[in-house]
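Computed from the coordinates by the stated procedures, all read-outs in this text should not be read as laboratory data. This is a predicted model, so every value here is computed, not measured. Using ideal geometry, Cβ is built from the backbone for each residue, glycine included, and neighbour counts are taken over all protein chains shown.
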Amino acid sequence: MAGMAEQAIQRATEAYRLRDSSYVTLVRQGEPALRQMQSDIDQIAFDLLAMEQPMAVDLRLIVSMIRINADLRRVGDLAINIAVRAEELTDLPPIEIPVDIPRMSALASAMVSKALQAFVDGDTEKAESVLVLDDQVDALNRAAFPALSSLIKHQPVSTHQALHALIITRNLERIGDHATNIAEDVIFWVRGNDVRHHHDLTV
């Protein structure tokens, strides 16, 4: 499921970078399988809770799985949002966008990949590295608004392109947030620490 979510981000980014709507089609075609996988994983987790009545670290693992499952589904939804905006841009004249969307996308995708690898390995240090990357994605997102606002002010003809780009950056920032959620759930599972909202990384 993580691989499918990462692939959706990459395809959505290619749709934007290459102005190629065929990638949009691929993102949309992958959505039903992602939705079905979320349902299947949730059912497995609920069955384990009911039949095994896990305690302590095992209970935290299953709770984390349910949360991570939901976050991966949302990553897929956000990738579709990006792809749709990229498709809208293919019908508009190309312009120079003052935001490095491919770099922002690469960081967000790396966050998802690292967070899931941290989960597979039970590696809280790797999970913590995701939280550092989130700061970089947030900084790029914050810089996007004034840059694109300035573009609209000085080149009103580019308003539609700038607005689509702004929405894409916002969706990439949200993907970073979901990757952060996954990393925090790894820390919760392994250490028993709830670090949501305050990033308390102490053991």
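Among H160, H178, which is under 22 Å from A83 (Cα atoms), surrounded by fewer than 18 Cβ atoms within 10 Å (Cβ to Cβ) and in contact (Cβ under 8 Å) with a residue 40 or more places away in the chain?
It is H160.
State whether the residues of segment 44-61 include one that is at negative phi and of a type in the set (S, T, N, Q).
No.
If the requirement is being over 18 Å from L72 (Cα atoms) and either hydrophobic (A, V, I, L, M, F, W, C) or in a helix (DSSP H, G or I) (or both), which of these qualifies: L163, L172, L131, L107?
Being over 18 Å from L72 (Cα atoms) and either hydrophobic (A, V, I, L, M, F, W, C) or in a helix (DSSP H, G or I) (or both) holds for just one of L163, L172, L131, L107, which is L163.
Please work out which residue is farthest from R73 (Cα to Cα), limiting yourself to segment 134-155 and to residues that are of a type in the set (S, T, N, Q) and touching a residue at least 24 places away in the same chain (Cβ under 8 Å).
That would be Q155.
Return only the number of the condition from (1) in a helix (DSSP H, G or I); (2) buried (at least 21 other Cβ atoms within 10 Å of the Cβ) that I97 does not satisfy.
Just one mismatch for I97, condition (1).
Looking for whichever is crowded, with 18+ Cβ neighbours inside 10 Å and without any contact (Cβ under 8 Å) to a residue 40 or more places away in the chain here; the options are A86, A110. Which one fits?
Just a single option satisfies the conditions, and that option is A110.
Restricting attention to segment 81-94, which residues are assigned to a helix (DSSP H, G or I) and not hydroxyl-bearing (S, T, Y)?
N81, I82, A83, V84, R85, A86, E87, E88, L89, listed by residue number.
Among the residues that make up segment 97-113, is at least one of them over 24 Å from D185 (Cα atoms) and basic (K, R)?
Yes, segment 97-113 contains a residue that is over 24 Å from D185 (Cα atoms) and basic (K, R).
What do you reckon, is A15 surrounded by 18 or more Cβ atoms within 10 Å (Cβ to Cβ), among the small types (G, A, S), in a helix (DSSP H, G or I) and touching a Gly at 6+ places or on another chain (Cβ under 6 Å)?
no
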